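Encoded as structure tokens, the structure appears first; notes follow it.
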Amino acid sequence: MVNMRIIVPTLSNILTGFLAVLIVATPREYIKGFVAYKLGDTTPKQAGRLSLNPFVHLDPLGTISFILFEFGWTRSVPIRYWKLKNKKKDLLKISLIGPAVSFILFFLCGLIASHLPEEDFWWFLMVKAAKYNLTYALFSLFPIPPLDGSRILASLLPDRYMEWLVKYEVYGVLFMIALLVLWIIPLVMNPFVRFIDGFVWMIVR
């Protein structure tokens, strides 16, 4: 039996977890939308995603998953790849930006935490934000719609397969819910989360 770790949903854990998700979601999704817009796709702007309002970037189930399991996902920025100047190359750029931003935020949050008093509220917040960013950077590379990994895969496939994958991306959220309910995603991510937990503690202390 796999020993699954679930974070006890105390008020402190919920508050710091939720604030950490805001740190994860806002820069990542805003930058992805901005780059897509600059590359010719106006969809993120039309959908209201070129915003620093964190609540437009949150996925409710993904946020709960972050707080309980220390991994999750945000609301994917809508991309109409056929509007991009160079659809495959630009889709790949946009898809790689998300994980790259999360890796950068991981190092920044870890650096800030290392200069804060341990056990302080802001220290706990920065540690969680570092963990969430690193787990999301890795998790988002999974080729599961609507994660960035599925778009990376789509950009590398022949056109007919790319169109098929993007077409069914809309059902990706339902697929994610099913994998979460069936406990498949938590089981797969559990060893990654445990490794990342130890790695982050090594950095911030």
Subject >> Some residue of the range 154-163 being outside any helix (DSSP H, G or I), open to solvent by 30 Å² or more (accessible area, probe 1.4 Å), out of contact with any Cys (no Cβ under 6 Å at 6 or more places or on another chain) and hydrophobic (A, V, I, L, M, F, W, C) >> reply: yes
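Which residue out of L105, L134, L138, L96 is touching a residue at least 12 places away in the same chain (Cβ under 8 Å), open to solvent by 70 Å² or more (accessible area, probe 1.4 Å) and under 15 Å from the mean Cα position of the chain (by Cα)? Reasoning before the result, please.
On the way: L105 fails: open to solvent by 70 Å² or more (accessible area, probe 1.4 Å); L134 fails: open to solvent by 70 Å² or more (accessible area, probe 1.4 Å); L138 fails: open to solvent by 70 Å² or more (accessible area, probe 1.4 Å).
Of L105, L134, L138, L96, the one residue that is touching a residue at least 12 places away in the same chain (Cβ under 8 Å), open to solvent by 70 Å² or more (accessible area, probe 1.4 Å) and under 15 Å from the mean Cα position of the chain (by Cα) is L96.
Table: residues versus (1) under 18 Å from L141 (Cα atoms); (2) outside any helix (DSSP H, G or I).
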residue	(1), (2)
L15	no, no
A25	yes, no
S51	no, yes
S65	yes, no
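In this structure, is L68 touching a helix residue (DSSP H, G or I) at 6+ places or on another chain (Cβ under 6 Å) and open to solvent by 20 Å² or more (accessible area, probe 1.4 Å)?
Numbers: touching a helix residue (DSSP H, G or I) at 6+ places or on another chain (Cβ under 6 Å): no; open to solvent by 20 Å² or more (accessible area, probe 1.4 Å): yes.
Considered against the rule, which asks whether it is touching a helix residue (DSSP H, G or I) at 6+ places or on another chain (Cβ under 6 Å) and open to solvent by 20 Å² or more (accessible area, probe 1.4 Å), L68 comes out as no.
Would you tally the residues in the range 27-49 being among the charged types (D, E, K, R) and either outside any helix (DSSP H, G or I) or open to solvent by 50 Å² or more (accessible area, probe 1.4 Å) (or both)?
Within the range 27-49, the subset among the charged types (D, E, K, R) is 28-29, 32, 38, 41, 45, 49.
Add one more test, that the residue is either outside any helix (DSSP H, G or I) or open to solvent by 50 Å² or more (accessible area, probe 1.4 Å) (or both), and what stays is 38, 41, 45, 49.
Looking only at that region, the number is 4.
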**OP:** Considering each of L111, L116, L174, L187 in turn, give the residue that is in contact (Cβ under 8 Å) with a residue 60 or more places away in the chain and open to solvent by 10 Å² or more (accessible area, probe 1.4 Å).
**Re:** L187
Original post:
In the list L157, L174, L165, which residue meets the criterion of being farther than 18 Å from P78 by Cβ and either over 15 Å from the mean Cα position of the chain (by Cα) or hydrophobic (A, V, I, L, M, F, W, C) (or both)?
Top reply: L157
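To keep it simple, each residue is scored yes or no on (1) modelled with pLDDT under 90; (2) in a helix (DSSP H, G or I).
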{"site": "V101", "(1), (2)": "no, yes"}
{"site": "F107", "(1), (2)": "no, yes"}
{"site": "N133", "(1), (2)": "no, yes"}
{"site": "Y136", "(1), (2)": "no, yes"}
{"site": "I144", "(1), (2)": "yes, no"}
{"site": "E169", "(1), (2)": "yes, yes"}
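The values are calculated or read from the model by the stated rules, or taken from the named source; none is laboratory data. Keep in mind the model is a prediction, meaning the values are calculated, not measured. Every residue, glycine as well, gets a Cβ built from its backbone with ideal geometry; the counts of neighbours run over all protein chains shown. With ligands, DNA and RNA removed, areas are computed over all heavy atoms of the protein, side chains included. Shrake-Rupley method; radii C 1.70, N 1.55, O 1.52, S 1.80 Å.
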